[in-house]
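Here is the structure we will look at.
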Number of protein chains: 2
Amino acid sequence: MFSIGEFSKITSLPVKTLRFYHEQGVLEPTHVDVQTGYRYYAANKIETARIITQLRKLDFPLGDIVDILRCREEEEEGEDGDILAYFERHLQSMQEKVRHYREIDRTLQQIIAEQREAQVAMKTTSYEVEEKAIDSMLIAAVRIKGRYSDCGQGFSRIGRQFGRYLCGKPFLLHHDAEYKEEDADFEACMPIRQGTSKNGIEVRELAGGRGMALLHQGPYDELGRSYEKLLAHLKEQAFEFVMPTREVYLKGPGMIFKGNPRKYLTEIQMLVKE
Amino acid sequence: MFSIGEFSKITSLPVKTLRFYHEQGVLEPTHVDVQTGYRYYAANKIETARIITQLRKLDFPLGDIVDILRCREEEEEGEDGDILAYFERHLQSMQEKVRHYREIDRTLQQIIAEQREAQVAMKTTSYEVEEKAIDSMLIAAVRIKGRYSDCGQGFSRIGRQFGRYLCGKPFLLHHDAEYKEEDADFEACMPIRQGTSKNGIEVRELAGGRGMALLHQGPYDELGRSYEKLLAHLKEQAFEFVMPTREVYLKGPGMIFKGNPRKYLTEIQMLVKE
DNA sequence: CGTACGGCCTCCAGTAGGTGGAGAGTCAAC
DNA sequence: GTTGACTCTCCACCTACTGGAGGCCGTACG
């Protein structure tokens, strides 16, 4: 018979925990001194303690452990208990947790990447028209005819469908030559690594080329000023641009923080004829 | 200004939770009536509530949320806070959890598979010598010279190293022609899907062939009887066997339950010359 | 005028699996 | 006999809520 301290050293379970297990009926001492209340454990309890430790490492709830231990005792007499059922049920819930935390993990990574890119863009930026080569890319696109404010629904549909294949910033393709409030014709697009058209989302290769780009910092309703600046520059240099034009949302309202509109960053890109 | 009930409907946070958030200083009402104690929330609190909900969905602790919200308020004045640090730290702990639960998941699957196979073996078994073709297989093996009781260490070393690539029951290869107590020469082996030799564990292809096998039910110290039976059978049929012989542990003491030794199942296999 | 109802309040308890501490009793050795 | 190590019980604390009791306030109905 071991005192609680000795038994604690043998099983490497804290004394407090042993007392708690006694209270919960998970691991009862072999004998309790009626006078002093001292707990004493026989050697065969070591095996029980080992089993409990193993099951706890697998995150079994104490209640289940009690049941499983009871099953085990019955099983000694021959019949194969339904311990397996406990394990299968538990496996289910563990897989559930894996899914849950993986989902969170994925979302966090996305948020962090977004935030970091935005910070970099914030620092290395000059707000002047610059020429840049625009690569062709695979995109998922939803064509919308209506108001620009409806573009959010397009993006979230793409996000739901292709969430894990996204590989760049969302952007709009404008198919209207002039600004339209009510009946605009545009596409909400996201670059993706792979995928095929489905559920009204078109996946296609978007051609690149020689482009002129201007970064716009500030709220979206001030984009007009930047368009003006970019168009003026193109006219000055005698470039002719091709439709559609692109509006890339480098930093906008995040999925958690709306942020300060004065800090939103948008790049206007136009491909030019060579 | 909304009463707590109205605000609850807007934010889909239970009234109880709103009161709790007030108490914790996460989401304070705009105004509290001094007479009645009634809480009243202004419209701008809806956004705060949304952020809290989002962060809670990502399993952020309330304490962190308080800090993050404070950061956000400071950030309105311009400086980019260290919110990112919170996200990164949280990402770490979420990845930790994914690893943790994946590990549990893997172990549970293994236990369940083991248990199930053992049950099947238990039912379909005849305890007579039978001829069976033994396929060649890739194995991880640790050679041990000493006592048979040391084989457990070999298995656990292999388990740690190749845990996720295991694809069959553990077995021993006996290199001694006769039984030795003290100075036995044997290998602890596990079939694996892939891998290369390292850390004193040899990975190699183990040849198959025509074999004779006998199932043994009961504790290991009674294996001698089954060896006797198998050898008698071989002599009777004028077979000549080749070394090493194999002892496959179909059901033994599990990693959780030691189980009843009377129910242990071991298959003795010997390859014969043709 | 009395009361039933809905909304709101505070305070207390409980969840899972322990951990930490206070204050008091017990054991074995010197 | 005393010291120091050991053990006991009881209570509080952790997270993020949830549930319930008992009570206040204003309004509608009989």
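Set the Cα radius of gyration of chain A against 2.2 N^0.38 Å, with N its number of residues, and you get 1.72. Mind giving me the nanometre distance, one decimal, between the label points for B:ARG102 and A:LEU84, set 7 Å out from Cα along Cα→Cβ? Spacing of the two 7 Å Cα→Cβ label points: 2.8 nm.
Take each residue in A:54-67, count the other chain C-beta atoms within 10 Å of its C-beta, and the mean is 2.
I want to make sure I understand the PRE zone here: with the label point 7 angstrom from the Cα of A:LYS132 toward its beta carbon, which residues in region A:217-232 have backbone N atoms less than 19 Å away? What the label zone holds, given the 19 Å backbone N cut-off, is A:217-220, A:223-232.
Rounded to whole Å and sorted largest first, what semi-axes of the equivalent ellipsoid does the C-alpha gyration tensor of the protein assembly as shown yield via the square root of 5 times each eigenvalue? Display every interim value, and only then the final one.
Values: eigenvalues 834, 266, 72 Å².
Each semi-axis is √(5λ); the values are 65, 36, 19 Å.
For region B:165-234, the set of GluC sites (Glu not before Pro) satisfying both a DSSP loop assignment and a count of at most 13 other C-beta atoms within 10 Å is given as B:GLU178, B:GLU181, B:GLU182. Spacing of the modelled spin labels on A:ARG19 and B:ARG157, each 7 Å from Cα toward Cβ, amounts to 4.3 nm.
Each stretch of four or more DSSP H residues adds -39500 (n - 2.57); spread over every residue of the protein assembly as shown, this sum gives -13500 deg cm²/dmol at 222 nm.
Compared with the rule-of-thumb size 2.2 N^0.38 Å for a compact globular protein, region A:39-181 has a Cα radius of gyration ratio of 1.97. Each Lys and Arg Cβ is given +1 and each Asp and Glu Cβ -1; about its Cα centre, the protein assembly as shown then shows a dipole of about 40 debye.
The simple spin-label model puts a point 7 Å past each Cα toward its Cβ; for A:LYS180 and A:CYS167 those points are separated by 3.3 nm.
A Förster distance of 41 Å, applied to the separation of the beta-carbon atoms of B:GLU73 and A:LYS9, puts the FRET efficiency at 0.20.
With a 10 Å cut-off around each Cβ of A:39-52, the average count of Cβ atoms from other chains is 1.
Let me make sure I get this right: for region A:166-274, a, b and c are the square roots of the gyration tensor eigenvalues over alpha carbons, sorted descending. Under 1.5 in a/c it's rounded, otherwise prolate if a/b > b/c, else oblate. Which is it? If you can, show how the numbers build up before the last one.
Details: a/c = 1.68, a/b = 1.13, b/c = 1.49.
Here region A:166-274 falls in the oblate category.
Between 0 and 90 degrees, the angle of helix B:83-123 with respect to the longest Cα principal axis of chain B falls at about 30 degrees. Distant-in-sequence amide contacts of B:HIS216, defined by a placed amide H-H separation under 5 Å and a gap of 5 or more residues or a different chain, comprise B:THR266, B:GLU267, B:ILE268. Across peptide B:87-100, the average count of Cβ atoms from other chains found within 10 Å of a residue's Cβ is 5.
Once the chain from A:VAL34 to A:VAL272 is taken as fully extended at 0.36 nm per residue, the excess over their C-alpha distance is 76.3 nm. For chain A, the longest principal axis of the C-alpha atoms and the axis of helix A:223-236 are separated by about 40°.
Here, each number is a calculation from the coordinates, and none is a lab measurement. All values derive from a computational prediction rather than experimental measurement. A quick note on method: Cβ atoms are made from the backbone with ideal geometry, for glycine too, and the neighbour counts reach across all protein chains shown.
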